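The values are calculated or read from the model by the stated rules, or taken from the named source; none is laboratory data. A quick note: this is a predicted structure, and the numbers were derived from the prediction, not measured. Neighbour counts are summed over all protein chains in view; Cβ atoms, including those assigned to glycine, are modelled from backbone coordinates with ideal geometry. With ligands, DNA and RNA removed, areas are computed over all heavy atoms of the protein, side chains included. Shrake-Rupley method; radii C 1.70, N 1.55, O 1.52, S 1.80 Å.
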Amino acid sequence: MSGRSRAAVLLAAVVTIGAALVPSAHASPPRAPDTAVLDGGRLQQTKARLDRGDPQLRKSLRDLTSRADNWLNQGPWTVTDKPKPAPGGDVHDYLSQAPYWWPTTTPTADNPWGCPYVQRDGQRNPEVDSGTDRQDVEHVFDSTYDLSLAWYYTGKRVYAEKAAQVLRTWFLAPATRMNPNLNHAQFIPCKYDGRSIGIIDFSQSYTSVLDAQAILAAGAPGWSAKDRTAMGKWNADFLGWLKNSDFGKEEGAAANNHGTFYDMQLAALAYATGDRALARRTVLDARTKRIDPQIAADGGQPQELARTRSWHYSTFDLVAYTRLAAIGRHVGVNLWAYQGPDGQGLSKAVDFLLPAATGAAAWSYPELEFHRFAASDVVHAAADAGDSAARQAVAKLEAPPGGDLWALRPAAEQLDSIAG
């Protein structure tokens, strides 16, 4: 072989190796995902800015990929590996235990749970973390969101393939899948086999999983057309259960944050499964059904302010509202523009939090565990929606542990613990 031929072969090898090092999914920019809460077009624009070397975004990306890297050696998780099945006996049924209920006696052979149980609002019983699916499902929610976003921005297939493995194991594989119902969520030993308020186990975060699925569907390796079809069927079945079950109807009638989160989950599932009319109707109805009775003229949320964790629940309810407003944007409803008969609205509710969120004043309501950063995402959401007071407050916010990821995933998360 001539020197020129050898050089040509070596050059071809270098080109081949170089091509292998460049993620094939990003030979051309990924398309904008059809996300339910996140703005897919905005994600695509952010990706383009990252590719041009935006230094601030690259710092945020390091925070995101650090989270994603931590998930690579964890999981996958399954509902079938809990020590005992849900009360109905099916290991594929999701099971969680009411977090604020405690035994009143020492367990015995005749009374192994220590019944009866009594409620202690805001005080979390540590036994709920053993023997149920609650912690595992939170790992599923968090990991798939972080991993899918990390894939979208970096093109590294390892992130997409891990997210796909987690989703298939929890939702799709026959041996390990979860049944699409929450019949045994937040059970109370010796009292209830499940409760409607257990739906919030999913509604508080499942919209992130819907968005993760949409991001992976934008061209991620390892998430096939078969996976997308099967996941769509699971979501449609879950939506049917949510709309038609007694638990679903009860949760939909709740007047506090449970009702807000129910609407958010219903609208997101409807959007993700193609029922855009239901998504739009749900957002529209939230104006008089949720905002009018839940938010006072001064922006306070009386039902949440009465809790022992009033700061947590005030920000928590606004996570649902701001995500619901984001879904509304996709179906032509501007929930941020709505004002109730007393002038109440989402911006006013966020503005109510600003003195404490910025550190300008103490929070004057009951709170067992105050974290100023818990409000950061909802303030970001209000600022993006045009709230001038929120815009001015952004620079004074406290960054949550792990960094402020708003620029990369502009949809509010509850930044303090939602383990309750």
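From the P(r) of the stretch 104-194, can you give the percent of Cα pairs sitting at distances over 23 Å?
45 percent
Can you list the aspartates and glutamates whose alpha carbon is less than 17 Å from that of Lys396, not counting same-chain residues fewer than 8 positions off?
Reachable aspartates and glutamates: Asp351, Asp377, Asp384, Asp387, Asp404.
Quick one: net charge of Pro55's neighbours, Cβ under 14 Å, K/R +1, D/E -1?
Result for the neighbourhood of Pro55: +2.
Once Rh is set to the Kirkwood radius over Cα pairs, what Stokes-Einstein translational diffusion coefficient, in µm²/s, holds for the stretch 95-246 at a temperature of 20 °C and a viscosity of 1.002 mPa s?
Taking Rh from Cα pairs, D becomes 126 µm²/s.
With Cβ to Cβ distances under 15 Å as the rule, what net charge do the other residues near Leu353 carry (K, R +1; D, E -1)? If you can, show how the numbers build up before the last one.
Working: positive: Arg307, Arg309, Lys348, Arg372, Arg391, Lys396; negative: Asp298, Glu304, Asp317, Asp351, Glu367, Asp377, Asp387, Glu398, Asp416.
Charge balance near Leu353 sits at -3.
Can you give me the solvent accessible area of Glu127 with a 1.4 Å probe, rounded to the nearest 10 Å²?
Using a 1.4 Å probe on the heavy atoms, I get roughly 60 Å².
Any idea how far the Cα center of the stretch 131-190 sits from the one of the stretch 369-420, in Å?
24 Å
Kindly provide the helix-only [θ] at 222 nm of the chain, computed as the sum of -39,500 (n - 2.57) over DSSP H runs of four or more divided by all residues, to the nearest 500 deg cm²/dmol?
Counting only the DSSP helices, I get -15000 deg cm²/dmol.
Over the chain, what is the mean sequence separation of C-alpha contacts under 8 Å (at least six apart), divided by residue count, expressed as relative contact order in percent? Can you show the working numbers first?
Numbers: 691 pairs, mean separation 66.2, N = 420.
Value for the chain: 16 percent.
Could you order the peptides 312-324, 46-58, 348-360 from most to least packed, using the average number of other C-beta atoms within 10 Å per residue?
Top to bottom by mean Cβ count within 10 Å: 312-324, 348-360, 46-58.
Cross-link list Lys249/Lys348; Lys162/Lys226; Lys82/Lys249: which exceed 21 angstrom alpha carbon to alpha carbon?
Lys249/Lys348; Lys82/Lys249
Quick one: Cα centre-to-centre distance for the stretch 222-243 and the stretch 58-130, in angstrom?
Here the two parts' Cα centres lie 25 Å apart.
Answer rounded, prolate or oblate for the stretch 349-420, using the Cα gyration tensor with square roots of eigenvalues a ≥ b ≥ c: rounded when a/c is under 1.5, else prolate when a/b is larger than b/c, else oblate.
The shape class here is oblate.
Could you give the DSSP H helices of the chain that reach 18 angstrom or more along their long axis (alpha carbon positions) and whose average Kyte-Doolittle hydropathy is no lower than -0.5?
Membrane-span-like by this rule: 3-21, 257-272, 310-330.
What nm distance separates the two modelled labels at Ser66 and Ala395, each placed 7 Å from Cα along Cα→Cβ?
For the pair Ser66/Ala395, the computed spacing is 2.5 nm.
If you count only protein heavy atoms and use a 1.4 Å probe, how large is the accessible surface of Ser310, to the nearest 10 Å²?
Rounded to the nearest 10, the figure is 0 Å².
Suppose all protein chains stay in the model; what accessible area per residue would a 1.4 Å probe give for the chain, in Å²?
Here the residues of the chain average 42 Å² of exposed surface.
Work out the P(r) tail for the stretch 275-370: percent of alpha carbon pairs separated by more than 21 Å, whole number.
So the pairs more than 21 Å apart make up 33 percent of the total in the stretch 275-370.
Just reorder Ser347, Ser208 by solvent-accessible area, largest first, 1.4 Å probe, all chains present.
Highest to lowest solvent-accessible surface, that is Ser347, Ser208.
How would Trp113, Trp102, Trp151, Trp71 line up by accessible area, probe 1.4 Å, largest first?
In descending accessible area the options line up as Trp113, Trp102, Trp71, Trp151.
What percentage of the solvent-accessible surface of the chain, computed with a 1.4 Å probe over protein heavy atoms, is contributed by carbon and sulfur atoms?
Its accessible area is 53 percent carbon and sulfur atoms.
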